[in-house]
Amino acid sequence: MTKSFRTLDDVNVHGKRVLLRVDLNVPMEEGRVSDATRIERVLPTINEIADKGGKVILLAHFGRPKGAPNEEDSLRLVASALEDMLKRPVAFASDCIGAPAAQAVAAMKDGDVLLLENTRFHKGEEKNDAGFVEELAKNGDIFVNDAFSAAHRAHASTEGLAHKLPAFAGRSMQAELEALNKALGAPQHPVMAVVGGAKISTKLDLLGNLVAKVEYLVIGGGMANTFLAAQGKAVGKSLCEKNLLDTARAIMDKAKTAGCEIVLPEDVTVAQKFEAHATAHFVAVDHVGADDMILDVGPKAVAHVESLLAKTRTLVWNGPFGAFETPPFDEGTSAVAQTAARLTREGKLLSVAGGGDTVSALNQAGAAADFTYVSTAGGAFLEWLEGKELPGVKALEK
Ligand code: AMP
């Protein structure tokens, strides 16, 4: 994780055909891009290569077309959004290999930008097929990967190409790797991890890795209910994975041995109906009623986490403290997020957060902009938090 990797500082792109893997898998509504965050993140790399006189040939996947072309998953629509944001012309080729790609590349001048059609229109992409890698590689002199969010997959355009052509991290990939390294690779201690969300079953590897690395492991969300139940507490009608009580106990034991303090809520927000603006109240975790549903942490829990945050130097965060999409069960998440944002602004904390729901929860709390780094990579961010080696990143190591 702390290994160094090749970047755009290690190569002269002038006059070169640069196959640049980006994440353009943006959400669309009625034929328009509804959230352009992913496009925004890759603009600096595209601009830098084009300004230095490289030919920028963009490779990306879109949707899940399962190895065959279809109109819905065409990147053609994204090309125009990209053009608007880049304020440069973006040419489009109707296939990422073969004659359409070769002709479009041959027509490029230094500094031009070309987007190739969805790599997943070919079965060889997800299979990381050597023949398909070869076909892709014909159009490039070097490979630059700027798609951290796809780096947990060993596909042709995320991993295979890196072994075929000289390979480098783009600026967005570089920023992500540097932020992640500061957060868990070589962090300033004490380190706090906040892990929330619905279930522990999806985050067992994550919890296992974090107990060995952090001083405080704060557990929130529906996951906390399973831990509370494992301590023999009643959780009423709350979301709880009763088959994982032993697993929760094993994680608590592992944490104790590792010197990691597991922080569970001492009070919670309960309601008898899970709906917006339902009547909710705060109770101590020992007093959850048989008909209660725990839907957020309570104010004492928030204050406790905030007091620990004041001593913390590095924070990694994945998963909300409560059912934040449904007010008032967003309050715990918002309060802690705003405190972390303030401490970061004051230069007292390095804060890194990631995962789909976490990004929207932090945005909703108005806290995301003040975090040191917010990763929009869902699966790749989680696998990295789990301590796994990401094939697309490994291929860029020096
Ligand atoms: P995850 O994808 O595992 O990070 O889970 C995020 C989801 O967990 C969000 O949709 C939250 O609404 C949900 N969640 C968080 N806390 C609770 C809770 N106490 N009860 C039910 N759902 C929750």
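The values are calculated or read from the model by the stated rules, or taken from the named source; none is laboratory data. Just so you know, these numbers come straight off a predicted model, no measurement behind them. Neighbour counts run over all protein chains shown; Cβ positions are idealised from the backbone, glycine included. Please note that ligands, DNA and RNA were not included when accessible areas were found on the heavy atoms of the full protein model with its side chains. Shrake-Rupley method; radii C 1.70, N 1.55, O 1.52, S 1.80 Å.
Please report the net charge: other residues with Cβ closer than 11 Å to the Cβ of Asp112, K and R +1, D and E -1.
On the way: positive: Arg17, Lys55, Arg88, Lys109; negative: Asp110.
Combined, the nearby Lys, Arg, Asp and Glu give +3.
The distance linking segment 326-340 with segment 1-67 is 34 Å (Cα centroid to Cα centroid, whole angstrom). Both the radius of gyration and Dmax for segment 288-396 are 15.2, 54 Å, in that order, over alpha-carbon atoms.
Surface analysis of segment 187-385 yields an accessible area of 40 Å² per residue, using protein heavy atoms and a 1.4 Å probe. When +1 charges are put on Lys and Arg Cβ atoms and -1 charges on Asp and Glu Cβ atoms, the dipole computed for the chain relative to its Cα centre reaches about 900 debye.
Rounded, prolate or oblate for segment 87-181? Axes are the square roots of the Cα gyration tensor eigenvalues, ordered a ≥ b ≥ c, and the cut-off for rounded is a/c under 1.5.
Details: a/c = 1.89, a/b = 1.22, b/c = 1.55.
Oblate shape, in that a/c is at least 1.5 and b/c is the bigger or equal ratio.
Ordering Ser80, Ile97, Ala107 by Cα displacement along the dipole of segment 71-126 toward the positive end leaves Ala107 in first place; charges were set at the Cβ atoms of Lys, Arg (+1) and Asp, Glu (-1).
P(r) for the chain, from all Cα pairs and a bin width of 10 Å, is 5, 22, 28, 21, 16, 7, 1, 0 %, short bins first. What's the longest bit of the chain with no exposed GluC sites (Glu not before Pro), using DSSP loop states and at most 15 other Cβ atoms within 10 Å as the test? After excluding every exposed loop site, the longest remaining stretch is 31-265. The overall shape of segment 182-325, judged from the alpha-carbon gyration tensor, is prolate: a/c is not under 1.5, and a/b is greater than b/c. The local environment of Gln364, defined by Cβ-Cβ distances under 12 Å, has a net charge of -4 under the rule Lys, Arg +1 and Asp, Glu -1.
Relative to its Kirkwood radius, the Cα radius of gyration of segment 95-242 gives an Rg/Rh of 1.17.
Rolling a 1.4 angstrom probe over the protein heavy atoms with all chains in place gives segment 8-172 an accessible area of 43 Å² per residue.
With r as the distance between the Cβ atoms of Arg342 and Ala102 and R0 = 56 Å, compute the FRET efficiency 1/(1 + (r/R0)^6) and round to 0.05.
On the way: r = 54 Å, r/R0 = 0.96.
Using R0 = 56 Å, I get an efficiency of 0.55.
Near Leu349, once Lys and Arg are set to +1 and Asp and Glu to -1 for all other residues with Cβ below 13 Å from its Cβ, the sum equals +3. Binning the alpha carbon pair distances of segment 8-172 at 5 angstrom intervals from zero yields the distribution 2, 10, 21, 25, 23, 14, 5, 1, 0, expressed in whole percent.
How much length, in nm to one decimal, is gained on full extension between Glu178 and Lys256, taken as 0.36 nm per residue of separation minus their Cα-Cα distance? Mind dumping the intermediate values first?
Values: separation 78, 0.36 × 78 = 28.08 nm, distance 2.99 nm.
So the extension gain works out to 25.1 nm.
Straight-distance candidates among the lysines for linking to Lys55, with alpha-carbon spacing under 21 Å and chain neighbours fewer than 8 residues away dropped: Lys16, Lys87, Lys109, Lys138, Lys164. Across the accessible surface of segment 8-172, with the other protein chains kept in place and a 1.4 Å probe, carbon and sulfur atoms take up 47 percent.
Per atom type, segment 249-398 shows carbon and sulfur on 51% of its accessible surface, probed at 1.4 Å.
In terms of the Cα gyration tensor, with a ≥ b ≥ c the square roots of its eigenvalues, is segment 71-129 rounded because a/c is under 1.5, prolate because a/b exceeds b/c, or oblate? Present the calculation step by step, with values, prior to reporting the outcome.
Working: a/c = 2.35, a/b = 1.37, b/c = 1.71.
The shape class here is oblate.
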